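What follows is a single structure, written as structure tokens, with notes after it.
The values are calculated or read from the model by the stated rules, or taken from the named source; none is laboratory data. Everything numeric here is computed off the predicted structure, so don't read it as measured data. All Cβ positions, glycine included, derive from the backbone under ideal geometry; neighbour counts span all protein chains shown.
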2 protein chains.
Amino acid sequence: MTQPHELTASEAAREIDAGRLTATALVESCLERIAEREPEVQAWVRLAAGPARARAKQLDAGARRGALHGVPFGVKDIIETFDMPTEYGSPIYTGTQTRNDAACVALMREAGGVLMGKTVTTEFANMHPGNTRNPHDTRRTPGGSSSGSAAAVGASMVPLALGTQTTASTIRPASYCGAVGYRPTWGDIRLSGVREAAGSLDTLGLITRSIDDVALLRDVLLGRPVEPLPAEVRKPRIGFCRTHLWSQIEPSTAVLLEDAVKRLAAAGAVVEDITMPAGFAHVLDAHRWVSSFEFTRNFRHEIVNHWEQLSTTLREGRLKDGLGCSWERYVEAQHFLAGLRAELPGVFGDCDLLLTAPCDGEAPIGIRTTGNPYFSAIWTALYVPCLTVPAFTGPNGMPIGAQLIGRPGHDRALLDAARWVHDRLKG
Amino acid sequence: MTQPHELTASEAAREIDAGRLTATALVESCLERIAEREPEVQAWVRLAAGPARARAKQLDAGARRGALHGVPFGVKDIIETFDMPTEYGSPIYTGTQTRNDAACVALMREAGGVLMGKTVTTEFANMHPGNTRNPHDTRRTPGGSSSGSAAAVGASMVPLALGTQTTASTIRPASYCGAVGYRPTWGDIRLSGVREAAGSLDTLGLITRSIDDVALLRDVLLGRPVEPLPAEVRKPRIGFCRTHLWSQIEPSTAVLLEDAVKRLAAAGAVVEDITMPAGFAHVLDAHRWVSSFEFTRNFRHEIVNHWEQLSTTLREGRLKDGLGCSWERYVEAQHFLAGLRAELPGVFGDCDLLLTAPCDGEAPIGIRTTGNPYFSAIWTALYVPCLTVPAFTGPNGMPIGAQLIGRPGHDRALLDAARWVHDRLKG
């Protein structure tokens, strides 16, 4: 029998609405699951078991609050919460308590969501990892920077968690942890109350266990009426986009993707190979300079006042890049990326979505690094909506996602078409 | 003899660099000026006289830190500072202390700037005013929402202050207080550590007493090398843009602007009348829905938890609009504004900049409202760089600015051309 903690958010909300499940029972089931897995997974910076129970009881006693009534969720620890500290994965900010909720958290609570706690982030959503482990093999990284959010959802501790993405911070850990990860079109979902890393690249990231849940949570965060995805959509036209990184992919993952394309074609999708224009091979360089320059500009306070408390990873990586990047190089990189974004319609042609790898394969062994970010960073820099769905099992039994890319501003069309794809790949 | 507090930032930095002035003497002069004017102007939420003196002493004893070495500045109280509270103009946040500096504050301090204190903001940078009065006539409003920043600079208490602008919050108070106000191209100067009002419209605002200071501070905030404006520029081609609001302008202000256009033409500028396409008459409606919808979405935490502590002005104004705005209306307004932005090249034609009114005239009597925002809101919604420079004296002896508008992303070209204009109008 399905345990409550195994339900998706949409399923759980439906059960609660129908009176077949209580918020309390769902929260208790999630807390039991957390008690069982957390000692080895370490997804949480802090849990709020007491407040979550109290909130569930209150919800059970009252009228339906909204689309997330009784649904537990986790929040990456760079996102502010009025009732528990936000520490940004840095010893500089140990115990820091803000007075407000980030807008995204307030919107989820207003819709009836139950905040279960704060999830582990790498230091300032950058590369220096926390102690979180991959729930499918605790010798392996969960990916980052939204490490705890992806691990918590992947381990069925909560059905929903918030992350962010500036490079690969949602898509990569979601793929590694067997979760659905969604990065919206840049600028669509605002980040009020979320610590900025590199503003011209940052977005919120949504981590769930179904595409329906992405649609649900996206509607809540946009402040629009919730509209479920349609039951039927026409068969999509899919562009298979290997990108210039194809040689970096694990051979077994390449085989899985090539095979998936054949299965989708057999199921009736039109699939064509997409070759990106040559300029796209330089997108990662441009991303590196833009993200490093902006990150370094944003973290001036920490650089000047807390240099010794920053990790060597950060100082020798992002900050070294940023401090060494001239204004001219930054501006050139910005213009270069703007030019590539203008070329996107030609890349898509008449495809509904692109299919590509979310990362180079299974989560690597070790938790001192968070894995190859490039397969995700390309798309981050292009401002397109990105979705990874669990699609494959690698040679070591680890989950691997398929990444689906939509046109900028057409996130909903991406979700519609992606569900068709995901249903075929699961089946 | 010029007192140190009367110097612009560029002049003061030059004097300090040449050894003819110390940071300590400048800070003391500003503190004396504040002691003299603050009881009636009330520009400051809190002053940091002790820390400012200590900082000046430290700067005088050490090597040159950067382009703002020893220059005092004020910061609007929605911008975070690690060493003094940020209260957002709301009783909800009395005494709220953050652990970090906003990026803009950290960059100014790193360049040697001396933080003098936090300046009065309207409630959450919206319409409900604080107690600040116009330094040129304390019966009159300083404008808002960056009320204290504009009053402090206009009263020569500090040469520089930071504000923000979502509607008219920098350009209007700068014009009313006789200061230079600058709103950058949307997105150019990031807002990390600044409370978001309506993210798709918010920018930082710079308030100074010269265009050279705008250029200087802009370079510091962008993290780029400081490059002074050129001494000579070619005579600009100016578009005189009355806008559809011309009938709302005070007749005496209209006469001053019409006369200024004649003087600029006599000085050798090419001036032409610009008529905006009919659609631009609806820009204010669209601005209203976008700003209200986003503001209401961002302030969910306060709406749900602190409704009684919000002002009636806010509840019956922005929040009523936002709660009553449908998703469809919001999206339609966003698309409408995007369409107008795409029409801007045609509006500019071959003009280097547009000349228009920053507000309807002199600051009105009374401090319970902050004046007519529309003359500024039009341009806010269009993402263009905006600058107001003190240019006129109204019938009641109050300062009135001339607003100069540049092409999106061409802020530096706007400043170059604007200085030519300002020099002619002053002369």
*asked:* Take the conditions more than 19 Å from residue B:221 (Cβ to Cβ) and at pLDDT 95 or above and apply them to residue B:164. Does it pass?
replied: no
*asked:* Test of understanding: among A:219, A:213, which residue is acidic (Asp, Glu) and touching a helix residue (DSSP H, G or I) at 6+ places or on another chain (Cβ under 7 Å)?
replied: A:213
*Residues of the range A:266-313 that turn out to be away from chain B (no Cβ under 14 Å) and either loosely packed, with under 14 Cβ neighbours inside 10 Å or over 25 Å from residue B:83 (Cα atoms) (or both), as a count*: 26
*Please state which of the following conditions residue B:219 fails to meet, knowing it meets all the rest: (1) under 30 Å from residue A:188 (Cβ atoms); (2) touching a Pro at 6+ places or on another chain (Cβ under 8 Å); (3) within 11 Å of chain A (Cβ to nearest Cβ); (4) among the charged types (D, E, K, R).*
(1)
*What pairs can you find where one residue is in the range B:157-170 and touching a residue at least 12 places away in the same chain (Cβ under 8 Å), the other is aliphatic (A, V, I, L, M) and part of a loop (DSSP other than H, G, I, E, B), and their Cβ atoms are less than 7 Å apart, with a gap of 6+ or different chains?*
B:157/B:43; B:159/B:7; B:159/B:71; B:160/B:71; B:164/B:78; B:166/B:197; B:166/B:198; B:166/B:201
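Residue-by-condition table, conditions (1) closer than 22 Å to residue A:91 by Cβ; (2) in contact (Cβ under 8 Å) with a residue 12 or more places away in the chain:
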position	(1), (2)
A:279	no, yes
A:284	no, yes
A:295	yes, yes
A:299	yes, yes
A:307	yes, no
*Which pairs have Cβ atoms under 8 Å, sit 6 or more apart or on different chains, and link a residue in the range A:312-325 that is in contact (Cβ under 8 Å) with a residue 40 or more places away in the chain to one that is aliphatic (A, V, I, L, M)?*
A:313/A:127; A:314/A:127; A:317/A:127; A:318/A:127
*Return a yes/no flag: does the range A:129-136 have any residue that is away from chain B (no Cβ under 14 Å), small (Gly, Ala, Ser) and within 24 Å of residue A:313 (Cβ to Cβ).*
yes
*Could you tell me whether residue B:17 is charged (D, E, K, R), out of contact with any helix residue (DSSP H, G or I) (no Cβ under 9 Å at 6 or more places or on another chain) and exposed (fewer than 15 other Cβ atoms within 10 Å of the Cβ)?*
yes
*Hey, among A:169, A:210, which residue is more than 10 Å from chain B (Cβ to nearest Cβ), surrounded by fewer than 24 Cβ atoms within 10 Å (Cβ to Cβ) and under 15 Å from residue A:386 (Cα atoms)?*
A:210
*Can you tell me which residue among A:181, A:193 is small (Gly, Ala, Ser) and within 13 Å of chain B (Cβ to nearest Cβ)?*
A:193
_Between a residue in the range A:29-55 that is more than 16 Å from residue A:177 (Cβ to Cβ) and any residue that is part of a strand (DSSP E or B) and among the basic types (Lys, Arg), which pairs come within a Cβ distance under 6 Å, given they are 6 or more apart or on different chains?_
A:45/A:118; A:46/A:118
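Yes or no, residue by residue, for (1) over 11 Å from the mean Cα position of the chain (by Cα); (2) surrounded by fewer than 24 Cβ atoms within 10 Å (Cβ to Cβ); (3) within 23 Å of residue B:68 (Cα to Cα); (4) outside the structural domain of residue B:394 (by TED's automatic domain parsing):
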{"residue": "B:113", "(1), (2), (3), (4)": "yes, no, yes, yes"}
{"residue": "B:116", "(1), (2), (3), (4)": "yes, no, yes, yes"}
{"residue": "B:122", "(1), (2), (3), (4)": "yes, no, no, yes"}
{"residue": "B:129", "(1), (2), (3), (4)": "yes, no, no, yes"}
{"residue": "B:134", "(1), (2), (3), (4)": "yes, no, no, yes"}
{"residue": "B:143", "(1), (2), (3), (4)": "no, no, no, yes"}
{"residue": "B:153", "(1), (2), (3), (4)": "no, no, yes, yes"}
{"residue": "B:159", "(1), (2), (3), (4)": "yes, no, yes, yes"}
_For a quick check of your reading: which strands (runs of 3 or more DSSP E) sit entirely within the range B:316-427 and have at least 2 residues that are among the polar types (S, T, N, Q) and not assigned by TED's automatic domain parsing to the domain that holds residue B:171?_
B:386-393
*Mind listing whichever residues of the range A:77-98 are more than 22 Å from the chain's Cα centre (by Cα) and closer than 19 Å to residue A:301 by Cβ?*
A:91, A:92, A:93, A:94, A:95, A:96, A:97, A:98
*Could you please let me know if residue B:253 is at pLDDT below 95 and either in contact with a Phe, Trp or Tyr (Cβ under 6 Å, 6 or more places away or on another chain) or under 25 Å from residue B:382 (Cα atoms) (or both)?*
no
